[in-house]
1. Based on what the data block shows, is D43 more than 11 Å from the chain's Cα centre (by Cα) and modelled with pLDDT of 95 or more?
2. So which residues in region 6-24 are modelled with pLDDT of 95 or more and assigned to a strand (DSSP E or B), if there are any at all?
3. Pairs please, first residue from region 1-24 and closer than 21 Å to W45 by Cα, second anywhere and basic (K, R) and in a loop (DSSP other than H, G, I, E, B), Cβ atoms under 7 Å, 6+ apart in sequence or on different chains.
Amino acid sequence: MVVLASSDEEHDINQAYQMGANAYLVKPVGLDALQRLIKFAYDFWYT
């Protein structure tokens, strides 16, 4: 499971991993940056 969240707080990140997340990604500001992040995550996990 990949978590895509707006929070970069350590507590939130730790909680996501405790709940079984395999990765925690912080949503960037702006559509272009979000698209790059999604492509990066896809390439990392699926290629």
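The values are calculated or read from the model by the stated rules, or taken from the named source; none is laboratory data. Keep in mind that what you see is a predicted model, and the values were worked out from it rather than measured. Don't worry about glycine lacking a Cβ; one is built from the backbone with ideal geometry, like all the others, and counts go over all protein chains shown.
1. no
2. Y24
3. Listed by first residue and then by second, the contacts come to L4/K27; A5/K27; S6/K27.
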